[in-house]
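Everything below concerns the one structure shown next.
Computed from the coordinates by the stated procedures, all read-outs in this text should not be read as laboratory data. This one's a predicted model, so the numbers in the text were calculated from it and none came from an experiment. Here the Cβ is made from the backbone with ideal geometry for all residues, glycine too, and neighbour counts use every protein chain on show.
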């Protein structure tokens, strides 16, 4: 029996009840280069209703965060109007090393299919220097089709996952 057989990783839309747990959210210096802390991302979600804040729950406890962004986010990276953009993805450093990232990306497919049934693809932009994130995304089924875009912090690899 694997050590991870008793862990549960689920996704939920952000709710006020998660706020206190997300307030104590830490990222390494390197990680904070690539992803905002949840409260920064939540402010953008309030301004832009095509951004959906998602909480990664580890055995029911908020352990990570990301945003699913509709066409307004997608169009910078793809012409597929039926795609959704995964952005601002992170796992709180206190919860890292438990398989939460991989687990959350595995349940992401069914979450998007259920909550956004018109979407047929998930895309994301990974910084070319962020090798750890690229590895996690690729091992979870995201594919590099060779699309590159310049971002604020350098070249971005656009990764795709068909649903």
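Structure values in brief
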{"item": "At q = 0.13, 0.17, 0.33 Å⁻¹, base-10 log of I(q)/I(0) for region 92-135 (Debye sum, equal scatterers on each alpha carbon)", "result": "-0.40, -0.65, -1.11"}
{"item": "Residue exposure sequence - 105, 22 - by fewest surrounding Cβ within 10 Å", "result": "22, 105"}
{"item": "Residue order, fewest to most surrounding Cβ atoms within 10 angstrom, among 140, 104, 118, 28", "result": "118, 28, 140, 104"}
{"item": "Cα-based equivalent ellipsoid, region 9-162: semi-axes from gyration tensor eigenvalues, Å", "result": "22, 18, 16"}
{"item": "Förster radius 25 Å - calculated FRET efficiency between residue 113 and residue 39 (Cβ-Cβ, nearest 0.05)", "result": "0.30"}
{"item": "Inter-label distance for residue 15 and residue 61, nm, one decimal - labels placed 7 Å from Cα along Cα-to-Cβ", "result": "1.9"}
{"item": "Rounded to 10°, Cα long-axis angle of helix 38-47 versus longest principal axis of the chain", "result": "50"}
{"item": "For region 5-65, the spread of Cα positions along each principal axis, largest first, Å", "result": "38, 28, 19"}
{"item": "Cα-based helix-to-principal-axis angle, 100-115 vs the chain, degrees rounded to 10", "result": "60"}
{"item": "Cα pair distances exceeding 13 angstrom across region 94-163, given as percent", "result": "67"}
